[in-house]
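Visitor: Below are the structure tokens for one structure; questions will follow.
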Amino acid sequence: MRSEVARRAQADGLEDIDPVSFEVIRNALLNITEEMAVTIRRAAYSTNIKTRADFSCAFFDATPLCVAQSFAQPAHLVSMSSIVPAVIREIGPENMQSGDVFLINDAHRGTSHLNDITAITPIDVQGRRIGYFANMAHHVDVGGSAPASLGVSREIFQEGLIIPPTLIARGDRIDHNVLNLLLSNVRAPRETRGDLRAQMSANVIGLRRVTSLVERYGADFLEKFFAELLRYTERWTEREIRRLPEGIYEAEGFRDDNGMDDEPVRLRARVTIRDGHIHLDVTGSSPQRAGPLNCTRPMARCAIAFVSRCLIDNRLPVNDGFLSRIHIDGPDGLCCTAQRPMAVVGGWELAARLTDVVFKALHPALPKRIPACGKGLIVNLGFGGHDPLRNEYFCYMETIAGGNGARPGKDGPDAVQVNLQNTENAPIEEVELNYPILVRRYELIVDSCGAGQFRGGLGVRRDFEFPHAPVTCTILSDGCKFAPWGLDGGDSGAPARFVYDPEGEGRVLRSKCTVDVPTGGRIRIETPGGGGIGNPTLRRPESLARD
């Protein structure tokens, strides 16, 4: 099976580039995307972007293929490589000027859910198209039926503002008509304005740095380098995959429900490792249904891409050379290959469990490398309402950590984001300083881990109080019915739990809901612990004493 990377490289008739120049330029490109990431964090307004780092940056060559990506969020690994070429094809490269900024969040054009807005900028140097910079960031709100755009919706049209490929800046001039249209449809316009400007600024930084690179090495040399880097990555990826045991491996798992009824959502994974390629076939998964727990094909492909990346050399570059060896198969119209007009805001909850199922499928082939199931949830959480301290509508969004699964030979880490998530902690001090919210309790949940020779990680409890004004709370999560599983005789971790008024009424909430909370009310979030590995009776006495 010949990849597009290999075909283009052969057609170009490229010669080898000397190793020293190769490494210098490869790291220069990576550092450009990392500098873009620093720019976004320093310029953004929302906690979700500036503190929790829910974004990623990438550079594409003129073809366009992803050449370099800052590895901030594994969940964005495939999404940007899918949507950026799609947008360029739809608009036409000839209709894009250097320094322009185009926005896109339309999930069914090949990207993620609507909160993830991608900013794309073409780069011309000396009248020649060198490539494109892009970054994807999760915005705290894009409209829709509930704060943080996390409502239990039947169709994508209810989930928020759908942005097709849209020109928001021509060169260094922002189109304020377009910007004002976007801001008029969101609940947190001050933060959204700042976050969008941060994304545009990051692309400007990328443009300046790659211009310097072209002036130093020349456009012809860099074009050859881009092609050689992709070939180099693909060769390396193929070699690493061929070291894995070839075969076909299968497993299944479930999500609790799709938010509209109590029917579980089935996820089937058939993983094939053969001839230097890895395929994930999702045939047999539940069909797409009305409700927010569907995901797009690129989101599902993130699951197999992430697992593959974990099993091969971690020095391998993240670009289309790697992705050319990773495939997602199966028919359209499944819960993990959803088509318009299906709602997809909860798609990452689905992709998170699909990642766990892929690991589970590969456990018989790689028993000494596969961990037990971790929390397996994104735990999307949003609050919205009038902030009497600032006299404006506020919207706050975060995701909460949990226990990771035990590892062969090691306990699972406590209170971390797992697998597709790489977001950071939202500090209590920052939350309380910037929002009318108090965090009453933030702690590990005792004994929430799955027991085993090696235990899973502990889940997290976080209690929110709203002392100044009533709020609307939206939860879009899962994991209350199907707990994280253990392996080789290890026990399951504790499931998730969401509680309204925990010190009073103590009403247990569904994992997908929107509730009104009065002034002084509280919401408690309990995330799952990780599963254990091995028979619990084999745990060492000193480990038990430390427990």
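The values are calculated or read from the model by the stated rules, or taken from the named source; none is laboratory data. Since the structure is predicted, the reported quantities are computational estimates derived from the model, not experimental observations. Backbone-built Cβ (ideal geometry, glycine too); neighbour counts: all protein chains shown. Areas reflect the complete protein model, heavy atoms only, side chains present, ligands, DNA and RNA absent. Shrake-Rupley method; radii C 1.70, N 1.55, O 1.52, S 1.80 Å.
Visitor: First compute the accessible area of the chain with a 1.4 Å probe, then give the percent of it belonging to carbon and sulfur atoms. Walk me through the numbers before you get to the answer.
Guide: Working: 9830 of 20200 Å².
So the carbon and sulfur contribution to the accessible surface is 49 percent.
Visitor: Which value, in debye to the nearest 20, gives the size of the charge dipole of region 367-501 about its Cα centre, when Lys and Arg are +1 and Asp and Glu are -1 at the Cβ?
Guide: On the way: 13 positive and 17 negative charges, 130 e Å.
My answer is approximately 620 debye.
Visitor: How much length is gained on full extension from V24 to R390, taking 0.36 nm per residue of separation minus their Cα-Cα distance? Walk me through the numbers before you get to the answer.
Guide: Numbers: separation 366, 0.36 × 366 = 131.76 nm, distance 4.87 nm.
My answer for the length gained is 126.9 nm.
Visitor: Using 10 Å bins from zero, what percent of all Cα-Cα pairs in region 90-144 falls into each bin?
Guide: Distribution as computed: 22, 45, 25, 7, 0 percent.
Visitor: According to a simple spin-label model (label point 7 Å from Cα along Cα-to-Cβ), what is the distance in nm between V508 and D547?
Guide: Going from the D547 label point to the V508 one covers 2.4 nm.
Visitor: Points 7 angstrom from Cα along the Cβ direction at N535 and D220: gap in nanometres?
Guide: About 7.0 nm separates the two model spin labels.
Visitor: On alpha-carbon atoms, Rg over Rh for region 68-186 using Kirkwood Rh?
Guide: 0.98
Visitor: Over the Cα atoms of region 269-427, how large are the radius of gyration and the largest Cα-Cα distance (Dmax), in Å?
Guide: Cα-based Rg and Dmax for region 269-427 come out at 17.8, 62 Å.
Visitor: Using θ = phi - 60° and the Karplus curve 6.51 cos²θ - 1.76 cosθ + 1.60, what whole-Hz ³J(HN,Hα) does each residue of region 490-506 get, with Gly and Pro shown as x?
Guide: x, 7, 6, x, 5, x, 6, 7, 10, 10, 8, 6, x, 8, x, 4, x
Visitor: Right, here's the next one. At 1.4 Å probe size, what's the solvent-accessible area of V499? Round to the nearest 10 Å².
Guide: 0 Å²
Visitor: While we're on this one: Are there any helices in the chain, counted as whole DSSP H runs, that stretch 27 Å or more along their axis by Cα and score at least 0.0 on average by Kyte-Doolittle, and if so which? Walk me through the numbers on the way to the answer.
Guide: Details: long enough: 19-43 (36 Å, 0.36); 189-217 (42 Å, -0.59); 219-242 (35 Å, -0.78).
TM-like helix candidates: 19-43.
Visitor: Let me ask something additional. Cα gyration tensor of the chain, axes a ≥ b ≥ c as square roots of the eigenvalues: rounded (a/c below 1.5), prolate (a/b > b/c) or oblate?
Guide: Numbers: a/c = 1.78, a/b = 1.18, b/c = 1.51.
Cα axes put the chain in the oblate bin.
Visitor: P(r) tail for region 474-532, what percent of Cα pairs lie past 18 Å?
Guide: On the way: 714 of 1711 pairs.
The calculated P(r) of region 474-532 puts 42 percent of pairs beyond 18 Å.
Visitor: Remind me, relative contact order of the chain in percent, using alpha carbon pairs under 8 angstrom and six or more residues apart? Kindly include the intermediate steps, with their values, before the conclusion.
Guide: On the way: 1478 pairs, mean separation 76.9, N = 547.
Relative contact order of the chain: 14 percent.
Visitor: Going by the alpha-carbon gyration tensor, a ≥ b ≥ c the square roots of its eigenvalues, is region 328-412 rounded (a/c under 1.5) or, if a/c is not under 1.5, prolate (a/b greater than b/c) versus oblate?
Guide: oblate
Visitor: Relative contact order for region 90-138 using alpha-carbon pairs under 8 Å, separation at least 6, rounded to a whole percent?
Guide: Numbers: 75 pairs, mean separation 15.7, N = 49.
It comes to 32 percent, rounded to a whole number.
Visitor: How would K481, K512, K368 rank on accessible area, largest to smallest, probe 1.4 Å?
Guide: Order by accessible area, largest first: K368, K481, K512.
Visitor: If the viscosity is 1.567 mPa s and the temperature 4 °C, what translational diffusion coefficient in µm²/s does Stokes-Einstein give for region 61-116 when Rh comes from Kirkwood over Cα pairs?
Guide: Diffusion coefficient, whole number: 106 µm²/s.
Visitor: So what are the three principal axis dimensions of region 358-408 from its Cα atoms, in whole Å, longest to shortest?
Guide: Taking max minus min along each principal axis of the Cα atoms, region 358-408 gives 58, 16, 9 Å.
Visitor: Just from the alpha-carbon atoms, what are the Rg and Dmax of region 225-281 in angstroms?
Guide: Just the Cα atoms of region 225-281 yield Rg and Dmax of 17.6, 53 Å.
Visitor: Would you work out which of T474, V446, S543 lies farthest towards the positive end of the dipole of region 444-547, given +1 charges on the beta-carbon of Lys and Arg and -1 on that of Asp and Glu, about the Cα centre?
Guide: Comparing the listed Cα positions along the dipole, S543 ranks first.
Visitor: With an 8 Å Cα cut-off and a minimum separation of 6 or more residues, compute the relative contact order for region 239-365 in percent. Kindly include the intermediate steps, with their values, before the conclusion.
Guide: On the way: 266 pairs, mean separation 41.5, N = 127.
For region 239-365, the relative contact order is 33 percent.
Visitor: Once you compute Rg and the Kirkwood Rh from C-alpha atoms, what is the Rg to Rh ratio for region 290-339?
Guide: Numbers: Rg = 12.8 Å, Rh = 12.0 Å.
Dividing the radius of gyration by the Kirkwood radius yields 1.06.
Visitor: How would you classify region 354-474 from its alpha-carbon gyration tensor, with a ≥ b ≥ c the square roots of the eigenvalues: rounded for a/c under 1.5, else prolate if a/b is greater than b/c, otherwise oblate? Intermediate results must be reported in sequence, preceding the final value.
Guide: Details: a/c = 3.68, a/b = 2.45, b/c = 1.50.
Here region 354-474 falls in the prolate category.
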